[in-house]
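The values are calculated or read from the model by the stated rules, or taken from the named source; none is laboratory data. Everything numeric here is computed off the predicted structure, so don't read it as measured data. Neighbour counts run over all protein chains shown; Cβ positions are idealised from the backbone, glycine included.
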Amino acid sequence: MAEIKNLDGELIRTTVSASLQGENFSFCNLKRADFRGGNLAGANFDHANCSGADFTDANLSGTVFAYAQLREAILCRANLCGADLERANLENADIEGALIDRKTRMFKLRTDGAKGGWVSK
């Protein structure tokens, strides 16, 4: 079992599996969740609220963030290769050094006020 805490250390969700790889977080409220350095490859955050969440140095390769709320989220140096960010909202997010590749889907992605820049693989 894995525990997901917010940035204040409060428990916001537990998972059945100890691994977060491929976990289904669709439609979950994960506001200010702490995923720093986590391996979330292939996880599903479809329509999830991840506003203010911290994904610094996380492996998010192949992760689905379609329609997710990532306002003010921190994605510094996160691996987003092959991720689906279709219609995600990254307004005022910190994307400094986030890694993307040609398979990263960014259709109608909102990045108004985002800080930093992507790094292409």
Selection over region 5-32 where residues are modelled with pLDDT under 95, of a type in the set (A, V, I, L, M) and either assigned to a loop (DSSP other than H, G, I, E, B) or crowded, with 20+ Cβ neighbours inside 10 Å (or both) yields a count of 4
Give region 61-76 a look and list any residue that's closer than 14 Å to Leu40 by Cα, in contact with a Gly (Cβ under 9 Å, 6 or more places away or on another chain) and either among the acidic types (Asp, Glu) or assigned to a loop (DSSP other than H, G, I, E, B) (or both), or say none. Ser61, Gly62, Thr63, Leu75
Among the residues of region 86-108 satisfying the criterion of being in contact with an Asp or Glu (Cβ under 7 Å, 6 or more places away or on another chain) and on the phi < 0 side of the Ramachandran plot, which is surrounded by the fewest Cβ atoms within 10 Å (Cβ to Cβ)? Phe107
Tell me, yes or no, whether region 78-93 has at least one residue that is assigned to a loop (DSSP other than H, G, I, E, B) and more than 21 Å from Phe25 (Cα to Cα). yes
